[in-house]
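Here the structure is laid out as structure tokens; the discussion comes afterwards.
The values are calculated or read from the model by the stated rules, or taken from the named source; none is laboratory data. No experiment lies behind these values; they were computed from the predicted model shown. Reconstructed Cβ throughout: ideal geometry from the backbone, glycine too, with neighbour counts over all protein chains shown. Ligands, DNA and RNA are stripped out before the accessible areas are found, and what is left, the full protein with its side chains, is counted by its heavy atoms. Shrake-Rupley method; radii C 1.70, N 1.55, O 1.52, S 1.80 Å.
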Amino acid sequence: MNLHSPSYIKVSDEFVPSRYALRIGEIDVMVVSDGVLTLPGAMLAHNAESAVREAWLKDNFLPPDAFDWALNAVVVRSGGRTILIDAGMGAEFPLPRAGQLIHRLEAAGIDLASVTDVVLTHMHMDHVGGLLVDGVKDQLRPDLQIHVAAAEVKFWESPDFSRVSMPPGFPDALRETAKRFAKEYRNQLRLFEEEHEVAPGVVVHRTGGHTPGHSVVRLTSGGDRLTFAGDLVFTVGFEHPDWHNGFEHDPEEAALVRIRLLQELVETGGLLVATHMPFPSVGHVAADGNVFRWVPTLWDY
């Protein structure tokens with residue numbers, strides 16, 4: 001893919017911000033938008049009655065038949081290392097508003113050659129596709145380390161789609177992208193079992209659920225905390241944490257993991273960032289009876 005092709009919006013022509021920086025103690029964090037996926041509304045909760053799901057969408061002033069899923073990645077600097085958490089969609093599926101990460105990193109002054117580590121929450125194509133864009137691998141350093149749970153790599157050797165509820169074409173695209181990624185970056189993969197510290201205060205922890213090797217990344221420094229939750233939490237997941245989105249390979253386990261994570265965030269007061277929460281997706285989680293409430297932080301200018 002040509003990085004300068006017309007399908008890429010020039011940053012100077014964009015009307016909305018695509019990056020947001022904050023600090024967690026001594027750790028620098030930047031949330032970078034890869035764009036937006038527009039998917040059927042049913043993908044938010046295929047185990048909910050359509051009338052209930054449509055009522056939730058209406059209550060949130062959203063159309064009943066489609067929902068925009070944000071795509072967020074994160075760049076972290078700690079202990080002399082520059083860590084990219086997830087890599088966006090790239091050109092893996094014909095969705096015109098996604099796949100913007102690589103040129104937005106450039107616009108943010110982040111040279112791909114400066115990235116020492118990549119952490120993958122999982123190997124769905126909207127998390128690894130950016131590394132498969134033509135010309136990207138040539139810009140990455142030869143000693144790049146890509147951290148991913150061993151269970152995730154094993155799962156994609158023979159993936160099970162029997163419990164998902166995806167639009168047509170997605171299973172084949174996901175399978176092919178994961179296979180191609182594992183082959184292309186085999187020598188850079190650094191597998192872990194349950195938990196691994198990538199840099200000071202940057203720990204990746206396998207949760208399972210969404211995929212068998214799905215992981216979250218916890219940042220801790222100077223009493224501050226932030227959790228990048230990958231695909232465990234969607235906008236609807238606070239009021240309805242038991243709703244299953246269509247991309248969960250083990251929906252019941254994903255719901256249990258989601259509830260445990262949200263309870264943890266209520267107790268610790270730490271910040272949450274998630275792949276598919278509206279950009280920049282930085283906020284806190286509060287208890288709201290037996291469910292939860294999302295409290296976005298005020299933008300810090």
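Values computed for the structure shown
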item	result
Share of carbon and sulfur in the accessible heavy-atom surface of the chain [1.4 Å probe, %]	52
Over segment 25-121: Kirkwood hydrodynamic radius from C-alpha pairwise inverse distances, Å	15.4
Label zone at Arg260 (point 7 Å along Cα-to-Cβ), backbone N below 13 Å, segment 193-210	194-195, 205-210
Per-peptide average of other Cβ atoms within 10 Å, ordering 174-185, 72-83 highest first	72-83, 174-185
Point-charge dipole on Cβ atoms (K/R +1, D/E -1) for the chain, about Cα centre, debye to 20	480
Ranked order, Glu195, Glu157 - accessible area, probe 1.4 Å, largest first	Glu157, Glu195
Largest to smallest accessible area among Arg53, Arg141 [probe 1.4 Å]	Arg141, Arg53
Rounded Å value of the spacing that divides the Cα centres of segment 227-298 and segment 136-180	23
Accessible surface of Glu194 - all protein chains present, 1.4 Å probe, nearest 10 Å²	90
Efficiency of FRET between Leu191 and Ala107 - r from beta-carbon atoms, R0 45 angstrom, step 0.05	0.90
Kirkwood-Stokes translational diffusion coefficient of segment 136-254, alpha-carbon pairs, 10 °C, 1.306 mPa s, µm²/s	100
Contour excess over end-to-end distance, with Cα ends at Glu267 and Lys154 and 0.36 nm allotted per residue	37.3 nm
Karplus-derived 3J(HN,Hα), 6.51/-1.76/1.60, for each residue of segment 16-26, Hz, glycine and proline x	10, x, 10, 8, 8, 10, 8, 10, 10, x, 9
Most to least accessible of Leu298, Leu22, Leu71 (protein chains only, probe 1.4 Å)	Leu298, Leu22, Leu71
Per-selection Kirkwood Rh - segment 182-236 (Cα, Å, 1 d.p.)	12.7
Under the Debye formula (equal points on every Cα, no solvent term), log10 I(q)/I(0) of segment 47-180 at q = 0.12, 0.13 Å⁻¹	-0.58, -0.67
Area accessible to solvent at Thr268, 1.4 Å probe radius, in Å²	70
Environment charge of Gly269, counting only residues whose C-beta is closer than 13 Å and scoring Lys/Arg +1, Asp/Glu -1	-2
Three principal axis lengths of the chain [C-alpha, angstrom, descending]	51, 45, 43
Accessible area per residue, Å², segment 136-264 with all protein chains present, probe 1.4 Å	44
Ratio of Rg to Rh over segment 116-180 (Cα coordinates, Kirkwood Rh, two decimals)	1.00
